[in-house]
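Written out below as structure tokens is the structure these notes cover.
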Amino acid sequence: MFARSIFSNYYKLLTGASLAFMVFALAGCNEKAAETAAPGRPVLVATVKYAAETPERSFVGTIRPRIETDMGFRVPGKVAKRLVEVGQTVDVGQPLATLDEVDLKLQAEQAEAEFSAATGVLAQAGASEQRAKDLRAKGWTTDAQMDQSRAAADEARARLNRAERSVELTKNSLSYATLLADTRGVVTATLIEPGQVVASGQTAIRVARFAEKEAVVAIPETLVGRAKSGTASVTLWSDADKKYTAKLREIAPSADPATRTYLAKFSLPEADDKVSLGMTATLTLADAATERVAKLPLSALFSQGSNPSLYTVDDAGAVKLQPVIVKSYESNAVVIAGGVNEGAKVVALGVQKIDPAQKVRVVSALSF
């Protein structure tokens with residue numbers, strides 16, 4: 001009986017020890033598994049994006065030619081032909097329209113006749129003057145007759161000179177009956193029709209030169225200073241991916257009474273053939289002296305008696321504390337001027353509980 005009791009107690013003790021060992025072993029495995037499976041600390045991040053401290057302003061404008069000429073005949077008359085249409089490209093010296101030349105030719109013939117008559121009168125007056133000189137030298141005539149002959153010759157010379165100028169003027173008038181393009185450009189308006197009687201200098205054809213194009217926009221009075229001192233660029237609605245450098249050429253001295261805006265013209269020195277007249281464009285104004293800054297949540301800033309810093313997160317989840325240059329503070333944001341690179345990800349919430357030795361897990365939103 002005694003031996004059986006000893007073996008029974010020993011068996012119970014062995015069984016208890018085995019169970020305890022198994023419990024401890026299982027607990028250790030669970031702790032290791034928990035440590036292995038434990039994820040990094042979830043954190044919200046914000047991406048650093050630098051932009052101009054003074055925001056850019058955009059305005060809608062129109063592409064216009066810098067020089068648009070109203071061309072007209074230099075002589076009055078009846079329109080015989082109009083040789084161009086709106087939108088047509090013209091070259092230097094190309095005829096645009098013509099006048100009826102009947103009256104102009106008659107005037108030219110009249111001037112030629114007067115010139116011939118003046119030539120004959122001068123020949124007769126010159127001969128009389130020469131005879132008077134010969135007779136005066138021999139003492140057979142008086143000084144009065146000599147002066148009369150000289151005056152008649154001078155008048156004949158002046159008449160011939162006047163007739164010669166009249167011939168030149170009528171020739172010019174006849175050439176003015178054809179309206180010629182004085183530059184390469186495109187026709188933007190035709191204001192005459194065949195059979196119409198036009199006055200001298202009346203606008204007949206409007207031609208826009210290809211030499212330089214510009215963007216015309218309306219600028220509010222609060223941004224007139226930026227338009228004068230800032231930088232400008234233009235993008236076309238038809239090709240928004242390409243930017244053209246713009247330079248202010250002219251701004252109206254007074255505001256439009258209805259819109260209270262100032263008409264500004266920006267030249268486009270780099271404009272190519274894709275920039276066509278009449279296209280709609282977007283003009284962007286930026287302050288040339290502005291500093292590039294980034295705005296981040298105020299909760300992302302970490303400071304414990306040292307310089308303000310931010311926790312940056314790399315692709316592997318490692319965090320690093322980096323000092324930054326604080327430009328200003330806002331109610332819920334901090335504006336930095338440097339210290340972290342463009343596109344860097346910084347911890348935006350709970351920076352006081354971040355352990356630099358512990359990796360983190362980036363999440364888009366926290367859930368509870």
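The values are calculated or read from the model by the stated rules, or taken from the named source; none is laboratory data. Just so it is clear, the structure is predicted and the values come from calculations on it, not from any experiment. Please note: Cβ atoms are built from the backbone with ideal geometry, for glycine as well, and neighbour counts cover all protein chains shown. We work out accessible area using only protein heavy atoms, side chains counted, and drop any ligands, DNA or RNA first. Shrake-Rupley method; radii C 1.70, N 1.55, O 1.52, S 1.80 Å.
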So which residues in the range 297-309 are outside any loop (DSSP other than H, G, I, E, B) and loosely packed, with under 15 Cβ neighbours inside 10 Å, if there are any at all?
298
Among the candidates 92, 121, 86, 102, single out the residue that is of a type outside the set (S, T, N, Q), free of Cβ contacts under 8 Å to residues at least 40 places away in the same chain and open to solvent by 60 Å² or more (accessible area, probe 1.4 Å).
102
Can residue 313 be described as of a type in the set (Val, Ile, Thr) and touching a helix residue (DSSP H, G or I) at 6+ places or on another chain (Cβ under 7 Å)?
no
Spot the failing condition for residue 292; the list is (1) open to solvent by less than 40 Å² (accessible area, probe 1.4 Å); (2) over 16 Å from residue 62 (Cβ atoms), and only one is missed.
(1)
Does the range 271-278 contain any residue that is at pLDDT below 85 and more than 30 Å from residue 222 (Cβ to Cβ)?
yes
Scanning the range 74-110 for residues that are basic (Lys, Arg) and not in a loop (DSSP other than H, G, I, E, B), which turns out nearest to residue 210 (Cα to Cα)?
82
I'd like to know if the range 61-69 contains one or more residues that are of a type outside the set (Phe, Trp, Tyr), in contact with an Asp or Glu (Cβ under 9 Å, 6 or more places away or on another chain) and assigned to a helix (DSSP H, G or I).
no
What about residue 155, is it more than 55 Å from the chain's Cα centre (by Cα), part of a helix (DSSP H, G or I), among the acidic types (Asp, Glu) and surrounded by 15 or more Cβ atoms within 10 Å (Cβ to Cβ)?
no
On the given criteria, is residue 180 at pLDDT 90 or above, out of contact with any Lys or Arg (no Cβ under 8 Å at 6 or more places or on another chain), open to solvent by 50 Å² or more (accessible area, probe 1.4 Å) and among the aliphatic types (A, V, I, L, M)?
yes
Given the conditions (1) over 22 Å from residue 40 (Cβ atoms); (2) touching a residue at least 24 places away in the same chain (Cβ under 8 Å); (3) outside any strand (DSSP E or B), and given that residue 340 satisfies all but one, which numbered condition is not satisfied?
(1)
Restricting to the range 226-274, give me the number of residues that are assigned to a loop (DSSP other than H, G, I, E, B), over 19 Å from residue 213 (Cβ atoms), open to solvent by 80 Å² or more (accessible area, probe 1.4 Å) and not polar (S, T, N, Q).
4
So, in the range 331-368, how many residues would count as being among the charged types (D, E, K, R) and within 13 Å of residue 300 (Cα to Cα)?
2
Of the listed residues (312, 284), the one being assigned to a strand (DSSP E or B), more than 30 Å from residue 214 (Cα to Cα) and open to solvent by less than 80 Å² (accessible area, probe 1.4 Å) is 312
Over 27 Å from residue 260 (Cβ atoms) and in contact (Cβ under 8 Å) with a residue 40 or more places away in the chain - does that describe any residue in the range 218-235?
no
Residue 206: closer than 26 Å to residue 92 by Cβ and either open to solvent by 40 Å² or more (accessible area, probe 1.4 Å) or among the hydrophobic types (A, V, I, L, M, F, W, C) (or both), yes or no?
yes
Could you tell me how many of the residues in the range 49-64 are surrounded by 15 or more Cβ atoms within 10 Å (Cβ to Cβ) and modelled with pLDDT of 90 or more?
4
If we keep just the residues of the range 155-191 that are touching a helix residue (DSSP H, G or I) at 6+ places or on another chain (Cβ under 7 Å) and among the hydroxyl-bearing types (Ser, Thr, Tyr), which is nearest to residue 119 (Cα to Cα)?
166
If you go through the range 323-333, how many residues are open to solvent by less than 50 Å² (accessible area, probe 1.4 Å) and not in a loop (DSSP other than H, G, I, E, B)?
3
Would you confirm whether or not the range 189-203 contains a residue that is polar (S, T, N, Q), surrounded by fewer than 13 Cβ atoms within 10 Å (Cβ to Cβ) and modelled with pLDDT under 90?
no
